[in-house]
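The values are calculated or read from the model by the stated rules, or taken from the named source; none is laboratory data. From a predicted model like this one, the values you see are computed outputs, not experimental measurements. Here Cβ is always computed from backbone atoms with ideal geometry, including for glycine, and neighbour counts include all displayed protein chains.
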Amino acid sequence: MNDQEHEKRRNRGKDPRDEELFGLDAQRDKLSSALNDMYYLLSKDYPPRATLALVGNRYRLRQRQILALQGMACSANDIECRRAKEVSADHLQEKTIFLDGFNIVIILETFLSGGYVFKGLDGCYRDISSVHGSYKRVKQTEEVLISAGLALQKLGVKQTTWIFDTPVSNSGRLMTLCYEIAAEHGFSWEIHLDNAPDKYLITGSRLIASSDAWILNGCYQWFNFTSFMINHVFNSSKALNIMDHTTKL
């Protein structure tokens, strides 16, 4: 089996520990209570890192639960700031949109492969995967890219620019795959590799799509594309929304 064939057989699914950590009602109740505490403390301007450590210790959370909690939590000010800059799907007609490439692709790959993705208080879905400087193509990669392209076409987007991290290995291969898919399906795509994609995305008056909290706080405008894909293109019932469990905010 060559490297390309091996990569196609990979799967970005659940960690073996995840059913115990996120699948049981008792664990979801605990995470819901922890999320309430995080929201309260962050909204009182407690420092995020110290707050996460405090809440994690209080509820005796495991490391992957802490990562999930970190992705779901934010303050009331964060929610207000992000909502003020969020645009609806109707706003995308004839627009150019810049996509936070690895952020979007990996979340949707994880979702399609049966891994847990978590809905945050700001409405964004996030996962607890990490490329750690090296991206590997998986079985769901092409489906994610094609589905994203078709969705953007239906939304009337004029031009899509995918932004990928140059320092991440295999970003060049993913760029090539994107161009191949765009040519095959008639997608109006540009692919850009950048050493600092986060800074690129918050520069100027760009309309962007990302679930990265730092980018959302700093950008000009954003569209919740991963949420749109999960709720309107894929089956959102597979996503984990701790807020639907017991959280009351």
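The set of residues from the stretch 154-207 being among the polar types (S, T, N, Q), surrounded by 16 or more Cβ atoms within 10 Å (Cβ to Cβ) and within 23 Å of His91 (Cα to Cα) comprises Thr160, Thr161. Filtered by the rule that a residue be part of a loop (DSSP other than H, G, I, E, B) and touching a Ser or Thr at 6+ places or on another chain (Cβ under 8 Å), the stretch 130-159 gives Gly133, Tyr135, Val138, Lys139, Gln140, Val157, Lys158. Out of the stretch 94-118, which residues are over 16 Å from the mean Cα position of the chain (by Cα) and either modelled with pLDDT under 95 or surrounded by fewer than 16 Cβ atoms within 10 Å (Cβ to Cβ) (or both)? Those that are over 16 Å from the mean Cα position of the chain (by Cα) and either modelled with pLDDT under 95 or surrounded by fewer than 16 Cβ atoms within 10 Å (Cβ to Cβ) (or both): Glu94, Thr96. Name the helices (runs of 4 or more DSSP H) wholly inside the stretch 183-233 in which the number of residues that are within 25 Å of Glu142 (Cα to Cα) is 1 or more. Once the helices (runs of 4 or more DSSP H) in the stretch 183-233 are filtered for at least 1 residues that are within 25 Å of Glu142 (Cα to Cα), what remains is 197-202, 225-228. Just one of the listed residues (Met72, Met175) is aliphatic (A, V, I, L, M) and touching a Lys or Arg at 6+ places or on another chain (Cβ under 8 Å), and it is Met72. For the stretch 60-75, a residue qualifies if it is touching an Asp or Glu at 6+ places or on another chain (Cβ under 8 Å) and either assigned to a loop (DSSP other than H, G, I, E, B) or farther than 21 Å from Asp127 by Cβ (or both), and the qualifying residues are Cys74, Ser75. Within the stretch 86-93, at least one residue is part of a strand (DSSP E or B) and at pLDDT 95 or above.
For the stretch 65-115, the set of residues classified as over 30 Å from Asp15 (Cα atoms) and either without any contact (Cβ under 8 Å) to a residue 60 or more places away in the chain or hydroxyl-bearing (Ser, Thr, Tyr) (or both) consists of Ala76, Asn77, Glu80, Arg83, Ala84, Ser88, Asp90, Thr96, listed by residue number.
For every residue, the table says whether it meets (1) closer than 30 Å to Leu69 by Cβ; (2) among the hydroxyl-bearing types (Ser, Thr, Tyr); (3) within 15 Å of the chain's Cα centre (by Cα).
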position	(1), (2), (3)
Pro167	yes, no, no
Ser171	yes, yes, no
Ala183	no, no, no
Phe187	no, no, no
Asn195	no, no, no
Gly204	no, no, no
Ile215	yes, no, yes
Gln221	yes, no, no
Phe234	yes, no, yes
